[in-house]
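Asker: Before anything else, here's the structure in question.
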Amino acid sequence: MLRKMAALPSGRVAKWVVLALWTALLVPALMLAGRLGDVEENDNSAWLPGNAESTKVVERAEKFQPADTLPAIVIYDRPAGITSADMAKARADAEAFKGIENVVGQPQGPVKAQDGKAVQTVVQVRKDRTGWEGIGKVVDAMSAVGEKDADGLGFHVTGPAGYASDSIKAFSGGGGLTTITALVVVVILLLTYRSPLLPLLPLLTVGGALVTSEAVIYLLAKNAGLVVNKQTSFILTVLVFGAATDYALLLISRYREELQRHEDRHEAMAEALHRAGPAIIASAATVAVSLLLLMLATLNSTQGLGPACAVGVLVGLLAMVTLMPALLVVCGRWIFWPVKPSYGSAEAAEEGIWTRVGAAVAGRPRIVWIGTALVLGVMATGMFGLRADGLANKDQFTDRPQMAVGEEIQSRHFPAGSGDPVHVVAEAASAERVRTVLSGVPGIADVSTPVIKDGEAMVLGELEDDPSSTAAMRTVERARTAVHAIEGAQAQVGGNTAVTLDTQEAAARDSEVIIPIVLVVVLLILALLLRAIVAPLLLMATVVLSFGAALGVSSLVFNHVFGFAGAEASFPLLTFVFLVALGIDYNIFLVTRVREEALPHGTRRGALTGLSATGGVITSAGVVLAGTFAAMASLPLVFAAELGFAVAFGVLLDTLIVRSVLVTALTLDVGRWMWWPSRLFRRHDAPQEPAGTPDLEPALRGT
């Protein structure tokens, strides 16, 4: 039955049906994928659950100010001192800002700094249906006004609106990310297969999978409430390119083997799908299930990332087991030119690098796995230095955009928190008590007069520190403790700083809850796949150790090489999910082949043969995935650079060391106990090598 199902995509008639169906699917998908940006929600407040305190403040504060506005803080500076002409320009600019579409209300200022070297104006910017893109247009229009006839006067737009504008410009490199990722895949495939034509088929298939994924995600976001943002989009691109190309590599490798054994290419592809399909499907299912567990997150952005990326992986899988086989069979053997696999040709007899690695590991497997585990453990100690407690706005870029420069100038001449206050909403009868208590909170520089409307009051508190800094968030915590203690006030603290604080707390909670669940679920999947207990436990232990080592090295690199100020609170969880899911991916590729070879030859020889047979393709797959994640560094964002580095390094570590050395050594040392309590463990008819060095000759011949 399974063999017949595997033969369907590559049938003599079915292959044309598959191509026709995918062509019909891609026409509407292309149109829908282009509209994904219309449903993105890039505001931090949209990422929070409805029960977050800052979310409730947004709802209660709508009667005092529009909920869809952000402050743009305009900074003018002249080191020699602001002149009367400079002040006149700032006043004229403030009037001109009012004429820009989506600028609302009366600008606050201009106000000259006490040292006389800078001027500040605060402008409220309304978000239209285009979100951050609309804010970016407003900031660009303000910059055109402010920079005109500046005559040496410095001009910068900072604050939340400035941050939103610079962020959208950074994310606008997403098209470049797709191009770079595609180039990485092409180069690695060229080096792997040394064929100028073959890489075109995986690239075409991956492109179709990405477009289809984006179309499905657009429909889910528009009609099912799925929260997606720019972060989702660029992670989806990298993941689909990396994971789907990995599946293509595994399929092509097995197809090439079968072309040497079958004269008919349709039969060769059917056998390749029958042999490689279960491992590919199991790997994709494990990754998809792991990602879907992110739906347990309270943070909407993380909650939406899970199903979006799972859709990408599953669509990539569907493309690689239907469209890719059809394209390969249609093209025939010539697609492998100039080294076409011919029917009846001898199996590769040369001693490959992974055969030699297996021989070296087999000499003293126990010493090898213990030594490797200790080294990985030492590497993992570096993660204690990871500062994953969020980043200030100015620290979220790898370069120095306008808002970061403006924020530095503002902090030198004005209170760092001016223009982006803490919002406290309370019962009107408690307004003065709230104002008094808030003014006594350490870190609050000034407090406004309460504004009362419809039985409620709003009080604004100016922060002494940068509103996106850790110090400001500690001030918000103190403010909440203080105002919550006012009896009958029903006071709640919000504002942009509170939103950031609630986001970090939600991300920390998500990590504590989801990581253990992912471990248990992946362990159960492995147990069902391998029908054993020992092997899944050992494989999970190696993947967790690999994750720890990758996170430890990444932390050291972030702190001492790149000089980053820290990491986002969601960074450990996302890194864990990607590395565990993808690390298990490669273990599934290896161990399913080891199990296949162990049935006739025994576990020890099966381990060596499995490593020799899969080492090349798994290494290529790991390099592809690492390369695609490394391409994230092309975006000038610290989060993208950190996630890209950590996953790329972790994948290479898992592919080159953990999977090839640690897992192989463990399998050789544990022997048939790997499969306990399955039937393979209980079999005594398969040849069992003695405890000493096994006969490596069959493995060296690649049998």
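Bear in mind that the values in this text are calculations on the coordinates, not laboratory data. Predicted model only: the values in this text are computed from it and were never measured. Cβ: placed from backbone, ideal geometry, glycine included. Neighbour counts: every protein chain shown.
Asker: Farthest toward the dipole's positive end in region 481-621, which of A527, A498, F558, given Cβ charges of +1 (Lys, Arg) and -1 (Asp, Glu) about the Cα centre?
Answerer: Farthest towards the positive pole: A527.
Asker: While we're on this one: Determine the relative contact order of region 402-501: mean sequence separation of Cα pairs under 8 Å and six or more apart, normalised by residue count, in whole percent.
Answerer: On the way: 187 pairs, mean separation 33.9, N = 100.
Computed value for region 402-501: 34 percent relative contact order.
Asker: Can you give the net charge of the other residues whose Cβ lies under 15 Å from the Cβ of D86, counting K and R as +1 and D and E as -1? Write out the running numbers ahead of the final one.
Answerer: Values: positive: R78, K89, R91, K112, K117, K148; negative: D77, D93, D115, E147, D149, D151.
Spelling it out: positives minus negatives among the neighbours equals 0.
Asker: Can I ask one more? Report, in deg cm²/dmol and to the nearest 500, the calculated mean residue ellipticity at 222 nm for the chain, where each DSSP H run with n ≥ 4 adds -39500 (n - 2.57) and the sum is divided by the residue count. Spell out each step's value before the answer.
Answerer: Working: 26 runs with 422 residues, N = 703.
That comes out to -20000 deg cm²/dmol.
Asker: With a cut-off of 8 Å between alpha carbons and a minimum separation of six or more residues, what is the relative contact order of the chain in percent?
Answerer: Numbers: 1269 pairs, mean separation 127.0, N = 703.
So the answer I get is 18 percent.
Asker: Under a Cβ-Cβ cut-off of 11 Å, what is the net charge of the residues other than V617 that fall near it, where Lys and Arg count +1 and Asp and Glu count -1?
Answerer: Once all neighbours under 11 Å are counted, the net charge is +1.
Asker: While we're here: Let me know the charge dipole size of the chain about its Cα centre in debye, to the nearest 20, where only the beta-carbon of Lys, Arg (+1) and Asp, Glu (-1) is charged. Before the final figure, lay out each step's value.
Answerer: Details: 55 positive and 64 negative charges, 514 e Å.
Here the chain has a charge dipole of around 2460 debye.
Asker: Additional query: Compute for region 68-171: radius of gyration divided by Kirkwood radius, i.e. Rg/Rh, restricted to C-alpha atoms, rounded to two decimals.
Answerer: Numbers: Rg = 13.2 Å, Rh = 13.6 Å.
My calculation of the ratio gives 0.97.
Asker: Using C-alpha positions alone, give me the convex hull volume of region 402-501 per residue in cubic angstrom. Mind dumping the intermediate values first?
Answerer: Numbers: hull volume 9.1 nm³, N = 100.
Measuring per residue, one finds 91 Å³ for the Cα hull of region 402-501.
Asker: Once Lys and Arg get +1 and Asp and Glu get -1 on their Cβ, which of V434, V451, M403 lies farthest toward the positive end of the dipole of region 402-501?
Answerer: Of the listed residues, the answer is V434.
Asker: Going through region 473-508, which GluC sites (Glu not before Pro) have at most 16 other Cβ atoms within 10 Å and a DSSP loop state? Present the calculation step by step, with values, prior to reporting the outcome.
Answerer: On the way: sites: E477, E487, E505; in loops: E487.
Taking region 473-508 and a limit of 16 other Cβ atoms within 10 Å, the loop GluC sites (Glu not before Pro) found are E487.
Asker: Gap in Å between the Cα centre of region 240-271 and the Cα centre of region 291-326?
Answerer: 23
Asker: Taking K112 as the anchor, which lysines have their alpha carbon closer than 25 Å to its alpha carbon, excluding any fewer than eight residues away along the same chain?
Answerer: K112 reaches K89, K98, K148, K394.
Asker: Percent relative contact order of region 193-296, based on C-alpha pairs within less than 8 angstrom and at least six residues apart?
Answerer: Values: 40 pairs, mean separation 21.6, N = 104.
Once divided by the residue count of region 193-296, the mean separation gives 21 percent.
Asker: If I compute Cα extents along the principal axes in Å from the structure I just sent, which labelled value in [x] 84, 68, 52; [y] 102, 55, 55; [z] 90, 48, 48 lines up?
Answerer: The value matching this structure is [z].
Asker: I would also like to ask the following. Out of all DSSP beta bridges with both ends in the chain, state the antiparallel percent to the nearest 5. Before the final figure, lay out each step's value.
Answerer: Values: 36 of 37 bridges.
Antiparallel bridges: around 95 percent, rounded to the nearest 5.
Asker: Which of the listed residues, V103, L386, T470, is farthest toward the dipole's positive end in the chain, when Lys, Arg count +1 and Asp, Glu count -1 at the beta-carbon?
Answerer: Value computed over the given set: L386.
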